[in-house]
Amino acid sequence: MGPMSSGPLESAYGTFVRRDQHEISITPVETVTVIPQHFITYKRRWLYLFVICLANLSNAILWINFASIADFTAQYYSVSYTSVNWLSLIFMVVCTIFTLLSTWKIDRFGIRFGILTGIWLNLVGSFIRCISTWGFVGMKAKYPVVFIGQFVCAYAQTFILFIPTKFAFIWFPDSQRTLANSLCFAMNYFGIFLGTVLPPFIVDHANKMPLLLYVSLAPALLAAVLSLTIRSGEPPTPSCLSSTDVKVPYKLLLKSKSYLILFGTVGLGLSNNNTLSTLLQQIMCPFGYDDISVGLCIGSFILCGLTGCIIFGYIADRTKKLEEVTKIEYTLGVVSLMILGLFIINGVPSYLLYIIFGLSGFAMAPVLPLSLDLCLECTHPIPEATVVGIFLIASQIGSIISILILPFFTRSLSSFQEAHQKCASLHQEIRDYTIPLYILAIISAVFVILFIIFFKSENRRQRKDDESSSHTTALNNNE
């Protein structure tokens, strides 16, 4: 390293030196600029990223795979639609309650601890779900057992879901981190796709439920085996300048106006995706759409959505226009969701729904990873996992409120709907969700307008890394 103007400084990555005596202020505290001569990236980051992607895929499958077969699930476990909804809703409740504890553990004990804890809890929960189908489990005990399994998987999510953004920041250079983060969430969406599209094909009768649960166990088991290859939570040397900054207290989140706006507009707005994923079968079947059509609609949304995540993650990295890309995507996503609702309640042909669901996914799905990166741009150098966790709590809270409240605004089916409905349940009352769809559309429109008008990114990480771009070089390590 060349001569600098002051002595060595110890960091989590080893010994570096100060570039000069002035300090960069990150209101209301100060941190010191630490500049290594080279930033090195390591090839094993791609293996670790694959393991995290697989964990996200598995957990998403376990979350959503009862939603598209709510009728058969209600029959198999002899419960109401409300009880079936709770198999998905429990993820949102657990996430809201335990996120801060889990993200604190990730920030305190490291990425490797968070990955291993989340992945192995995910496997345990998936196995417990399978136990609910075993012969010695009585009919009255089946639902409590599968619910316990869902609870464990939900707790695993509080680790799995909040790892990608922090991992991408620590292990990837600034030219790749949005793409790396987007790849993880693309796999999460792909998990939702598999967990929604496959169940109607696997479960064509309630007695096929055990097969679905065992198939869902496989990705969790594979992720657990591959997690044993993860040797460390941090690379031997930093991937970018901003990753060397000293962390500051969590309480400073409350002083970031841009983060609070992001929390209240995008964070709450994204809850509509969870709400629709959970209730879609119940929303669509009164209008003549069967379970396979519902699964293909969500499948179209997810496949186009994960494509959008990769494309717009790459665009955001290359253009450094993270805020602008997010605002465009959020606006297009909300408009397409409003059109989608109108298509459903007017009973348009299924192939038109597949198209609009695809367009909606392409526009809306990338908003999640992009907004998580915006969170870090607004709050750096506050610990990353907790920043992301608090943001996603907004989405979980919004989902819980929507799923519990919206059914009260439903109404009885019309005679036309009674004649054309494709709901398979023999014991549950079928309701018309037209008014709840209008409510979601209005709320979404308000959120996106407020976001466009009032949000302005602070770009703290980007500015820090731009400072070092002319003084350092990036290297790749074969390790």
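Give me the pairs, please: first residue somewhere in the range 380-408 and more than 16 Å from residue 264 (Cβ to Cβ) and among the hydroxyl-bearing types (Ser, Thr, Tyr), second residue anywhere and at pLDDT below 85 and surrounded by fewer than 23 Cβ atoms within 10 Å (Cβ to Cβ), beta-carbon distance under 7 Å, and either six or more positions apart or on two chains.
Listed pairs, sorted by first residue: 386/250.
Pick out the one residue from 145, 137 that is part of a helix (DSSP H, G or I), free of Cβ contacts under 8 Å to residues at least 60 places away in the same chain and in the same structural domain as residue 329 (by TED's automatic domain parsing).
Unique residue meeting the criteria: 145.
Take the residues of the range 279-317 that are of a type in the set (Phe, Trp, Tyr) and surrounded by 21 or more Cβ atoms within 10 Å (Cβ to Cβ): which is farthest from residue 434 (Cα to Cα)? Break it down stepwise before answering.
Of the residues in the range 279-317, the ones of a type in the set (Phe, Trp, Tyr) are 287, 289, 301, 312, 314.
Then keep just the ones that are surrounded by 21 or more Cβ atoms within 10 Å (Cβ to Cβ); that gives 287, 289, 301, 312.
Details: 287: 10, 289: 15, 301: 20, 312: 32 Å.
Selected residue: 312.
Would it be correct to say that residue 261 is of a type in the set (Val, Ile, Thr), surrounded by fewer than 22 Cβ atoms within 10 Å (Cβ to Cβ) and under 22 Å from residue 99 (Cβ atoms)?
Here the answer is yes, as residue 261 does meet what is asked.
Filter the range 218-252 for residues that are outside any loop (DSSP other than H, G, I, E, B), closer than 25 Å to residue 123 by Cβ and of a type in the set (S, T, N, Q) and give the result.
Of everything in the range 218-252, those that are outside any loop (DSSP other than H, G, I, E, B), closer than 25 Å to residue 123 by Cβ and of a type in the set (S, T, N, Q) turn out to be 227, 229.
Just to check your reading of the model, which residue among 227, 216 is small (Gly, Ala, Ser), at pLDDT 90 or above and closer than 21 Å to residue 301 by Cα? Can you show your working first?
Working: 227 fails: closer than 21 Å to residue 301 by Cα.
Matching residue, one of 227, 216: 216.
Looking only at the range 303-318, decide whether some residue is at pLDDT 80 or above and not in a helix (DSSP H, G or I). I'd like the intermediate steps shown before the answer.
If we filter the range 303-318 for residues that are at pLDDT 80 or above, which is where we start, we get 303-318.
If we keep only those that are not in a helix (DSSP H, G or I) as well, we get none.
Checked the range 303-318: no residue is at pLDDT 80 or above and not in a helix (DSSP H, G or I).
Output the residues belonging to the range 351-382 that are within 14 Å of residue 459 (Cβ to Cβ) and among the polar types (S, T, N, Q).
379
Applying the selection to the range 136-180, what residues are of a type in the set (A, V, I, L, M), in contact with a Phe, Trp or Tyr (Cβ under 7 Å, 6 or more places away or on another chain) and farther than 17 Å from residue 126 by Cβ?
179, 180
Checking the conditions here, which among 26, 35, 40, 52 is modelled with pLDDT of 85 or more and either hydrophobic (A, V, I, L, M, F, W, C) or closer than 30 Å to residue 302 by Cβ (or both)? Step through it out loud before you land on a result.
Values: 26 fails: modelled with pLDDT of 85 or more; 35 fails: modelled with pLDDT of 85 or more; 40 fails: modelled with pLDDT of 85 or more.
After applying the criteria, what remains is 52.
crowded, with 20+ Cβ neighbours inside 10 Å, under 30 Å from residue 288 (Cβ atoms) and within 23 Å of the chain's Cα centre (by Cα) - does that describe any residue in the range 388-399?
Yes.
I'd like to know if the range 313-328 contains one or more residues that are in contact (Cβ under 8 Å) with a residue 24 or more places away in the chain, in contact with a Cys (Cβ under 9 Å, 6 or more places away or on another chain) and not charged (D, E, K, R).
Taking every residue of the range 313-328 in turn, none turns out to be in contact (Cβ under 8 Å) with a residue 24 or more places away in the chain, in contact with a Cys (Cβ under 9 Å, 6 or more places away or on another chain) and not charged (D, E, K, R).
State which residue pairs qualify: first residue in the same structural domain as residue 281 (by TED's automatic domain parsing) and touching a residue at least 24 places away in the same chain (Cβ under 8 Å) and inside the range 293-312, second residue surrounded by fewer than 21 Cβ atoms within 10 Å (Cβ to Cβ) and of a type in the set (Gly, Ala, Ser) in any location, beta carbons under 7 Å apart, and separation of 6 or more residues or different chains.
Going by the 7 Å Cβ cut-off, the qualifying pairs are 293/350.
Mind checking which residues of the range 175-217 are among the hydrophobic types (A, V, I, L, M, F, W, C) and either within 15 Å of the chain's Cα centre (by Cα) or not in a helix (DSSP H, G or I) (or both)?
Across the range 175-217, the qualifying residues are 179, 180, 183, 184, 185, 186, 187, 190, 192, 193, 203.
The values are calculated or read from the model by the stated rules, or taken from the named source; none is laboratory data. Quick caveat: nothing in here was measured; it's all calculated off a predicted structure. In this analysis, Cβ positions are derived from the backbone assuming ideal geometry, glycine residues included, and neighbour counts consider all displayed protein chains.
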